[in-house]
Each structure stands twice: as structure tokens, then as C-alpha cells.
Amino acid sequence: MARLLSGKEVSAKVLERVAEEAKLCIAAGITPTLAVIIVGSCPASRVYVNNKKKACAQVGFRSLEYALEEQTSQAALLDLIRQLNEDGGVHGILCQMPLPRHIDEQAVCRAILPQKDVDAFHPENVGKLMLGEPRFLPCTPAGVMELLAHAGISPEGRHMVIVGRSNIVGKPMAMLALQANATVTICHSKTRDLAQITRQADILVAAVGRANFVTAGMVQEGTAVIDVGINRLESGRLCGDVDFAAVAEKAGWITPVPGGVGPMTIAMLMQNTLAAAK
Ligand code: GUN
């Protein structure tokens, strides 16, 4: 039976450390401030944004929410970002993804000042990560690395198999794992004989966005299984990309959903916001 990698526990430790450091910043006259932009009324995005604001309050940061209507034009959104870029009292800016279809997400990522881009989505920050000199660590992949470190699982020399090639998770996850000297394979929807590859993983990261996609037959005994997915079933219940009950019988380690990678993403965002303020 797999041991549980609890993001709840590890994120609480990270947040404690951030809160301590935030106190020093505040004493020096700077309150770390995160501007959070949400466009439209996607219920999942609303939950994520609320959780990010809650985390800000927990560590003593100021958070500013900009809730824009679904029909907001790209020009209006870019104008808001320009104002926030120029506001010296704002240290971090994030725009919750996905955005409505009429808005070009890459144009929005490019508009955020790289020094305030606490999601690390700006091309300059993506490039710096690729070169091994990151300004901000991408939040979800950094959260995965922190979870592994906490459990004493070193990626060095190990085979990390990542299922999913998104710009937010799959690709930056590969970069962080490479920097930690892992051997990395990225799989995706066109990969042939996926199970044959995932069974070679020492660390398996599932970031597909499909409930119960990773089954027990895709996992070898003892693997550390990291579930980045958050899917809502018709019943309303949240579940990850991994068939938790069956895979937990075989894996060495496994993250729960909720309470696994999700809280780690937010903790890393707080860490980045603190770094931006400093
Ligand atoms: N949508 C899903 N994950 C993220 C994230 O980490 N940051 C932002 N801004 N949007 C997201």
C-alpha cells in the first residue's frame, strides 16, 4: 500500500516559512501584494482564485482582486495589466487561466511585467527556466518537486515520466526534473503504447485532465505517483487523473486529490510573491 504524499501538510510548512519572512518585509515597510485577475465566471477558476486570496491572508500578504466580466475586451484587460505593472505597490500579478475564447492568452502572458509574473508564464521567464536560471519557479511543477523533496525522494538518476505536455505543467515539470538530474520522458495524447512507457517510471506525474486516466496496469510496484489533475465528476465529487484506490495498492507513494498538488501550487505562488516583493 502506497504512502500518502500530503500536500496539505507540506504546504502548511511552506506557508509558515513564507509568513515568517513576510513579517520581516512588513516590518521594513513593504507588504507583499498580489493582484489576481479573473475574467468570467468559471466555477473552478472562482474556487482557485478564492483559495489564492485565502493563502495571501494566511501569510499576511495583501491581495487585490479584479473580477472582470466574461465579455471584457482584450484591450481592457491589457490596459488593467499595464496599470498594475506601473503600480509600485503591486509585486505580483496573475491572471487566472483559462481566459474566454476571444482573449489571446499568450498576449496576456506577454503583457505582465516579467518581474511581477509570479506564475512564470511570460516568455522571458519560460526562457530563463529553460536556460537553468529561473527568476520564478513555475508553481505547480515547483510544488511537485517540493513534495518529492519532503518525502526524501530524489529525482537524480531516476526516470520521471510525465503524462501531459501543457505549458503550465508538463513542459515546465520536465525542465525542473532535468535540472534535478532526472531522466525525463514526456508522453501525450499521440504517444503509442503509453502504458509500456509509464510502467518504466520511478516517478509518474499525471497531468492530463481526465478522471481516472492512470490505471493500476500503467504503474510499476513502488513508483511515486503524482496526480496533478483536478476533475469534477457528475456526482460533484473531485477526483484526479489517477484511479487512486487501485493505483495506491501498487505505488510506493501517491498524492491524494484534493489535498495533494493543489495546495502546493498555491504555496509556491506565495513563495514567488514574497520573492517578487523582496
Ligand atoms: N489555471 C490553472 N492553473 C493555473 C495557474 O497555476 N495559474 C493561473 N494563472 N491559471 C491557472
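Take the conditions under 19 Å from the mean Cα position of the chain (by Cα), away from the ligand (no atom under 16 Å from the Cβ) and within 20 Å of residue 229 (Cα to Cα) and apply them to residue 168. Does it pass?
When the stated conditions are applied, residue 168 does not pass them.
Would you call residue 107 within 16 Å of the ligand (Cβ to nearest atom) and surrounded by fewer than 17 Cβ atoms within 10 Å (Cβ to Cβ)?
In short, yes.
Does the range 70-99 hold any residues that are assigned to a loop (DSSP other than H, G, I, E, B), touching a residue at least 40 places away in the same chain (Cβ under 8 Å) and farther than 26 Å from residue 15 by Cβ, and which are they?
Across the range 70-99, the qualifying residues are 98, 99.
Considering the range 212-238 alone, what residues qualify as being within 29 Å of residue 45 (Cβ to Cβ), surrounded by fewer than 19 Cβ atoms within 10 Å (Cβ to Cβ) and not hydroxyl-bearing (Ser, Thr, Tyr)?
Across the range 212-238, the qualifying residues are 212, 231, 232, 233, 234, 236, 237, 238.
What is the one condition in (1) out of contact with any Ser or Thr (no Cβ under 9 Å at 6 or more places or on another chain); (2) aliphatic (A, V, I, L, M); (3) crowded, with 18+ Cβ neighbours inside 10 Å that residue 201 does not satisfy?
(1)
For residues that are within 16 Å of the ligand (Cβ to nearest atom), in contact with a Pro (Cβ under 7 Å, 6 or more places away or on another chain) and outside any loop (DSSP other than H, G, I, E, B), tally how many sit in the range 111-125.
Matching residues across the range 111-125 total 1.
Quick one: which of 35, 67 is within 13 Å of the ligand (Cβ to nearest atom), among the small types (Gly, Ala, Ser) and assigned to a strand (DSSP E or B)?
Testing whether each residue is within 13 Å of the ligand (Cβ to nearest atom), among the small types (Gly, Ala, Ser) and assigned to a strand (DSSP E or B) leaves just 35.
Quick check: is even one residue across the range 144-162 within 16 Å of the ligand (Cβ to nearest atom), within 24 Å of residue 256 (Cβ to Cβ), part of a loop (DSSP other than H, G, I, E, B) and modelled with pLDDT of 95 or more?
No, every residue in the range 144-162 fails to be within 16 Å of the ligand (Cβ to nearest atom), within 24 Å of residue 256 (Cβ to Cβ), part of a loop (DSSP other than H, G, I, E, B) and modelled with pLDDT of 95 or more.
Go through the range 225-237 and report how many residues are within 23 Å of the chain's Cα centre (by Cα) and assigned to a loop (DSSP other than H, G, I, E, B).
Just the residues of the range 225-237 that are within 23 Å of the chain's Cα centre (by Cα), to begin with: 225-233, 236-237.
Okay, now just the ones that are also assigned to a loop (DSSP other than H, G, I, E, B), so 228-230, 233, 236-237.
Number satisfying all stated conditions: 6.
Checking residue 133 against (1) in contact (Cβ under 8 Å) with a residue 12 or more places away in the chain; (2) surrounded by fewer than 21 Cβ atoms within 10 Å (Cβ to Cβ); (3) away from the ligand (no atom under 15 Å from the Cβ): exactly one of these is not met. Which one?
All conditions are met except number (1).
Hey, among 177, 195, which residue is in a helix (DSSP H, G or I) and touching a strand residue (DSSP E or B) at 6+ places or on another chain (Cβ under 9 Å)?
177
Do the conditions hold for residue 128, that is, is it within 13 Å of the ligand (Cβ to nearest atom), surrounded by 16 or more Cβ atoms within 10 Å (Cβ to Cβ), not hydrophobic (A, V, I, L, M, F, W, C) and not in a loop (DSSP other than H, G, I, E, B)?
no
Quick check on this structure: which one of 222, 209 is in a loop (DSSP other than H, G, I, E, B), touching a strand residue (DSSP E or B) at 6+ places or on another chain (Cβ under 9 Å) and within 14 Å of the ligand (Cβ to nearest atom)?
Residue meeting the stated conditions: 209.
Could you please let me know if residue 46 is under 19 Å from the mean Cα position of the chain (by Cα), assigned to a helix (DSSP H, G or I) and either under 29 Å from residue 9 (Cα atoms) or within 12 Å of the ligand (Cβ to nearest atom) (or both)?
It is true that residue 46 is under 19 Å from the mean Cα position of the chain (by Cα), assigned to a helix (DSSP H, G or I) and either under 29 Å from residue 9 (Cα atoms) or within 12 Å of the ligand (Cβ to nearest atom) (or both).
The values are calculated or read from the model by the stated rules, or taken from the named source; none is laboratory data. Because the structure is a prediction, the values reported are computed rather than measured. Glycine gets a Cβ as well: all are built from the backbone with ideal geometry, and neighbour counts include every protein chain shown.
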